[in-house]
1. Every residue in segment 19-32 that is under 18 Å from Gln101 (Cβ atoms), open to solvent by 60 Å² or more (accessible area, probe 1.4 Å) and not in a helix (DSSP H, G or I), please.
2. Please determine, by comparing only the residues of segment 4-18 that are farther than 19 Å from Asn73 by Cβ and touching a residue at least 12 places away in the same chain (Cβ under 8 Å), which one is least open to solvent (accessible area, probe 1.4 Å).
3. Can you name the residue in segment 67-121 that is touching a residue at least 24 places away in the same chain (Cβ under 8 Å) and either in contact with a Ser or Thr (Cβ under 6 Å, 6 or more places away or on another chain) or among the acidic types (Asp, Glu) (or both) and is also farthest from Ala18 (Cα to Cα) among such residues?
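The values are calculated or read from the model by the stated rules, or taken from the named source; none is laboratory data. Small disclaimer: the values here were computed from a predicted structure and weren't measured. Positions of Cβ are generated from backbone atoms using ideal geometry, with glycine treated the same way; all protein chains shown enter the neighbour counts. Side chains included, ligands, DNA and RNA excluded: accessible areas come from the protein's heavy atoms. Shrake-Rupley method; radii C 1.70, N 1.55, O 1.52, S 1.80 Å.
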Amino acid sequence: LLTTFGAARHLSRLDAFALLLAAVCCHVEHTGRTNDFLVRAQHPLAVRYNDESVQQNAHCAAAFLLLKQNDRNVLEALGDADYRRVRRGVIAAIVGTDPAQQQAHAKAMREHVERCRTSGAPP
């Protein structure tokens, strides 16, 4: 999406980096089960993340714990503000992959495209 559809030209370098990092980390320590299964089974991860985007929150937490290790810390050169921006972007991108949120994302995209169409602004 970043290159094929030209989305990268609309993102800062930090935001593009956050998306790429999210793509690498989006299934870290996946259990092989769905969020719904984990919630119904009262799995410890579902309890920890209050039944909300269980796998995705677990992926984020595991990824950032791994990234804190000295030999893997690709974020260590970032200042505090940039680190927080990248972290927020990674979390938003990974949590955004929760299938339970897909309807809301699709609706928001349709509304955005429609607003652009009626205003004449590019999407």
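1. Listed by number, the residues that qualify are His27, His30.
2. The first filter runs over segment 4-18 and keeps only residues farther than 19 Å from Asn73 by Cβ, leaving 4-12, 15-16.
After this cut, where a residue has to be touching a residue at least 12 places away in the same chain (Cβ under 8 Å) as well, the list is 15-16.
Working: Asp15: 43, Ala16: 21 Å².
Restricting to residues being farther than 19 Å from Asn73 by Cβ and touching a residue at least 12 places away in the same chain (Cβ under 8 Å), the top hit is Ala16.
3. Ranking the candidates gives Asp98 first.
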